[in-house]
Number of protein chains: 2
Amino acid sequence: MTTSQTRETLERISVPTLVVDVRRAESNLERMLARADGWGVRFRPHFKTHQSADVARLFSGRGITACTVSSVRMGSYFAKHGWDDLTIAVPLNLREVAELRALSSLARVSVLVDSSAAVAPLAAGELPGASVWIEVDCGYSRTGVRWDDGEALVELARAVDAADDVTLAGILTHAGRSYATSGAEEVLRVHEESLAHMAHAKSVIASARPAGAPLEVSVGDTPTASLAEMMDGVDEIRPGNFIFYDLMQLDLGSCSESDLAVAVACPVIGRYPERGEIVVYGGAVHLSSASREDGGPTFGCVVEPAHEGLGELRLDAPVVRLTQEHGVIRAPSDVMERVSIGDVLLVSPVHSCLTAAVHDHYLTLDARRLGKM
Amino acid sequence: MTTSQTRETLERISVPTLVVDVRRAESNLERMLARADGWGVRFRPHFKTHQSADVARLFSGRGITACTVSSVRMGSYFAKHGWDDLTIAVPLNLREVAELRALSSLARVSVLVDSSAAVAPLAAGELPGASVWIEVDCGYSRTGVRWDDGEALVELARAVDAADDVTLAGILTHAGRSYATSGAEEVLRVHEESLAHMAHAKSVIASARPAGAPLEVSVGDTPTASLAEMMDGVDEIRPGNFIFYDLMQLDLGSCSESDLAVAVACPVIGRYPERGEIVVYGGAVHLSSASREDGGPTFGCVVEPAHEGLGELRLDAPVVRLTQEHGVIRAPSDVMERVSIGDVLLVSPVHSCLTAAVHDHYLTLDARRLGKM
């Protein structure tokens with residue numbers, strides 16, 4: 001038996017550590033690139049998932065030059081690492097306009113607005129050169145102007161058009177309802193409905209502007225980008241989670257088990273054969289408290305190491321309870337029998353974005369450290 | 001009308017910021033000190049809640065010299081800030097023995113064991129001078145030797161006694177079942193049961209050791225420490241959350257609304273009167289995903305600012321949905337009417353330990369910065 005590279009890497013771990021299977025991430029990226037190419041849309045991946053300049057190099061290596069971020073601070077981090085075309089995909093925070101102005105000296109900055117209150121600083125010239133997207137709510141009810149509120153859409157478009165030195169780039173939505181579905185079929189229905197709503201919103205705005213004024217359409221969420229057949233009327237997609245995927249996406253049918261690209265390597269600190277449970281050093285501060293339903297809430301599950309990278313997913317070995325530092329795993333007999341205190345178990349997370357957010361670096365399974373903001 | 005100190009502080013905030021009402025924290029500390037004094041027990045507060053050397057100064061200022069931590073890294077942080085008597089209240093992680101040995105040159109270190117596998121490095125002299133506690137499971141089923149498994153308890157006590165250069169300090173439990181109760185009455189039942197189980201475990205171990213060999217009893221969780229009348233047979237308590245409390249503790253009856261000492265100050269980025277909702281920049285990465293049931297999961301609620309510190313809790317203004325950066329607040333009409341985009345709302349968290357864990361500092365409501373690990 002040859003020594004496994006993955007096991008060698010795991011041997012070096014002493015505390016809960018976020019590990020990434022780079023080959024899986026690369027293959028997830030290739031697949032999404034091919035989809036974007038097939039649709040003929042611009043690909044502006046969301047970097048809130050990985051928050052890593054090193055992971056971002058996978059993207060730049062494949063010719064991607066634009067990205068999406070979820071905070072000004074994240075935008076500044078990526079700008080310092082050479083990313084010069086950033087969309088901040090959260091409604092403009094009026095308290096960060098000065099920081100945004102500073103950022104726009106390093107990168108082309110696009111911002112979102114959904115109210116005239118947010119347009120005021122743009123009209124006052126506080127963000128010269130900014131590209132502005134009107135966020136549209138296609139039924140998710142988080143942020144955005146409702147797709148069927150034509151009056152508000154037109155009013156906002158006119159306000160942006162009237163502001164000096166900023167450009168109305170288009171309309172943007174996040175079809176977050178796709179996450180609340182029961183699977184692929186429903187995801188596709190959400191997608192089709194969103195595209196129809198965006199087409200409607202676009203035509204309403206276009207009819208109130210000079211003929212030929214450009215107005216792009218940007219959409220973005222991993223379930224629809226992973227499952228959709230068509231992207232009619234779309235100019236840009238912004239999925240993010242697809243680079244790692246996670247158990248939530250697996251439940252939605254957006255990915256397969258062999259696409260799951262991150263895990264948290266957790267030392268085993270307790271073993272309780274009489275109740276069939278193993279306790280790892282790896283709790284809510286390492287995995288996040290995100291849960292999925294599996295006859296009760298579960299917070300991740302074991303994934304086996306492969307020779308190079310991650311291996312078989314063990315949905316039959318879920319994390320059934322989670323406190324600040326402890327994760328309790330319901331262990332099938334084969335796992336219980338072979339695991340000793342002091343071993344390391346890999347735990348596949350429910351929501352990889354939130355799991356990545358609480359770590360300060362990644363370890364590749366060939367033991368390279370990847371930096372994070 | 002005089003200018004409010006709190007509002008002045010909040011005016012300076014541009015991103016989600018963890019704020020602390022120091023007077024409430026001080027008063028929570030005074031009350032717990034008085035309870036510990038009344039019971040005549042040693043008070044070894046758990047610092048995993050605040051993870052702050054500056055907050056820890058409130059404790060040292062009141063004569064506390066010993067604390068509990070939940071990781072070796074946290075122990076090292078507090079040791080560097082002068083705390084020289086630390087219990088690491090998670091079962092010994094065999095992968096951190098070298099780090100623990102280094103830490104024990106700075107502080108008296110106490111560790112937990114619940115298996116002979118964990119005693120092995122102690123027996124091998126890898127942690128000279130360590131004080132060892134046997135963790136007992138009084139029904140919580142996380143870690144620890146079952147209270148009624150006399151054979152395992154005795155075997156473990158003998159193994160520790162046989163190890164050179166380490167001391168068996170006592171038995172320790174976390175009555176975490178208190179968190180799964182419906183309120184004060186049930187918390188007290190869990191407490192009484194735990195104390196009875198600990199007394200039983202102690203007598204079983206004592207009967208197998210030389211007469212007069214000391215064996216202390218350590219218990220610790222905020223609900224029972226806040227609500228219990230008696231602490232019979234207990235030598236040490238280790239509550240942590242009580243310094244800030246939170247909505248979870250409020251639901252259990254462990255505290256009152258005016259004890260809640262932290263909140264996350266969140267800029268308002270969206271306002272949707274037609275659906276009665278406000279969206280703040282403040283999501284799962286700022287509040288944690290911890291939720292409480294209030295006719296559906298909620299992730300926090302608004303708390304009003306007072307002239308100096310936090311004011312009225314608004315359980316009628318809950319965070320009803322939470323994504324990575326966004327929090328959606330169901331806003332009663334008075335809140336909806338007075339709040340504009342660009343304002344700051346304070347959000348009281350569900351589980352303050354997890355909320356504090358994702359921030360890198362605190363801001364007091366008179367605008368002082370408190371450091372965190």
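Details
- Reported count of residues in region B:40-50, each being among the hydrophobic types (A, V, I, L, M, F, W, C) and over 17 Å from the mean Cα position of the chain (by Cα), is 1.
Each row is one residue, and each column tells you yes or no for (1) over 21 Å from the mean Cα position of the chain (by Cα); (2) among the aliphatic types (A, V, I, L, M).
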site: B:Arg7; (1), (2): yes, no
site: B:Leu29; (1), (2): no, yes
site: B:Gly38; (1), (2): yes, no
site: B:Ser60; (1), (2): no, no
site: B:Leu86; (1), (2): no, yes
site: B:Asn93; (1), (2): no, no
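- Output for region B:191-212, where each listed residue is in contact (Cβ under 8 Å) with a residue 24 or more places away in the chain and outside any helix (DSSP H, G or I): B:Ala208, B:Arg209
- Yes/no for B:Asp85 being at pLDDT 95 or above and within 14 Å of chain A (Cβ to nearest Cβ): no
- Single residue of region A:252-273 satisfying the filter (among the polar types (S, T, N, Q) and in contact (Cβ under 8 Å) with a residue 40 or more places away in the chain) that is farthest from the other protein chains (Cβ to nearest Cβ): A:Ser258
- Of all the listed residues (A:Val328, A:Val280), the sole one being in contact (Cβ under 8 Å) with a residue 60 or more places away in the chain and either surrounded by 18 or more Cβ atoms within 10 Å (Cβ to Cβ) or not assigned by TED's automatic domain parsing to the domain that holds A:Thr222 (or both) is A:Val280.
- Selection status of B:Arg35, in a loop (DSSP other than H, G, I, E, B), outside the structural domain of B:Leu354 (by TED's automatic domain parsing), closer than 28 Å to B:Ala306 by Cβ and modelled with pLDDT of 95 or more: no
- In region B:92-118, the residues that are out of contact with any helix residue (DSSP H, G or I) (no Cβ under 6 Å at 6 or more places or on another chain) and within 8 Å of chain A (Cβ to nearest Cβ): B:Asn93, B:Leu94, B:Arg95, B:Asp114, B:Ser115, B:Ala117, B:Ala118
- Selection count where residues are closer than 28 Å to A:His50 by Cα and aliphatic (A, V, I, L, M), scope region B:279-311: 6
- Count of residues meeting criterion [closer than 27 Å to B:Cys266 by Cα and among the aromatic types (Phe, Trp, Tyr)] in region A:61-110: 2
- Here A:Val328 passes the criteria (1) within 14 Å of chain B (Cβ to nearest Cβ); (2) within 21 Å of A:Gln249 (Cα to Cα); (3) in contact with an Asp or Glu (Cβ under 9 Å, 6 or more places away or on another chain) except the one numbered (2).
- Within region A:260-281, the residues that satisfy the criterion of being touching a Leu at 6+ places or on another chain (Cβ under 8 Å) and either among the hydroxyl-bearing types (Ser, Thr, Tyr) or outside any strand (DSSP E or B) (or both) are A:Leu260, A:Ala261.
- Single residue of A:Val335, A:Val285 found to be assigned to a helix (DSSP H, G or I), at the interface with another protein chain (Cβ under 10 Å from one of its Cβ atoms) and either touching a residue at least 40 places away in the same chain (Cβ under 8 Å) or among the hydrophobic types (A, V, I, L, M, F, W, C) (or both): A:Val285
- Those residues of region A:38-60 which are among the charged types (D, E, K, R), closer than 23 Å to A:Asp360 by Cβ and either more than 14 Å from chain B (Cβ to nearest Cβ) or part of a strand (DSSP E or B) (or both), in sequence order: A:Asp54, A:Arg57
- Restricting region B:66-82 to residues that are surrounded by fewer than 20 Cβ atoms within 10 Å (Cβ to Cβ) and more than 17 Å from the chain's Cα centre (by Cα), the residue that is farthest from the other protein chains (Cβ to nearest Cβ): B:Gly82
- Residue in region B:305-318 that is surrounded by fewer than 24 Cβ atoms within 10 Å (Cβ to Cβ) and within 12 Å of another protein chain (Cβ to nearest Cβ) present: no
- Residue in region A:179-190 that is farther than 30 Å from A:His351 by Cα, in a helix (DSSP H, G or I), outside the structural domain of A:Glu293 (by TED's automatic domain parsing) and without any contact (Cβ under 8 Å) to a residue 40 or more places away in the chain present: no
- Just one of the listed residues (A:Gly125, A:Gly63, A:Gly129) is closer than 25 Å to A:Lys372 by Cβ, away from chain B (no Cβ under 11 Å) and either surrounded by fewer than 20 Cβ atoms within 10 Å (Cβ to Cβ) or free of Cβ contacts under 8 Å to residues at least 40 places away in the same chain (or both), and it is A:Gly63.
- Single unsatisfied condition, B:Arg369 versus (1) buried (at least 19 other Cβ atoms within 10 Å of the Cβ); (2) under 24 Å from the mean Cα position of the chain (by Cα); (3) more than 12 Å from chain A (Cβ to nearest Cβ): (1)
- Considering residues of region A:352-366 that are among the hydroxyl-bearing types (Ser, Thr, Tyr) and more than 14 Å from every other protein chain (Cβ to nearest Cβ) only, the residue surrounded by the most Cβ atoms within 10 Å (Cβ to Cβ): A:Tyr362
- Condition met for B:Arg321 (within 14 Å of another protein chain (Cβ to nearest Cβ) and at pLDDT 95 or above): yes
The values are calculated or read from the model by the stated rules, or taken from the named source; none is laboratory data. Predicted model, so just to flag it, every value in this text is computed and none were measured. Glycine gets a Cβ as well: all are built from the backbone with ideal geometry, and neighbour counts include every protein chain shown.
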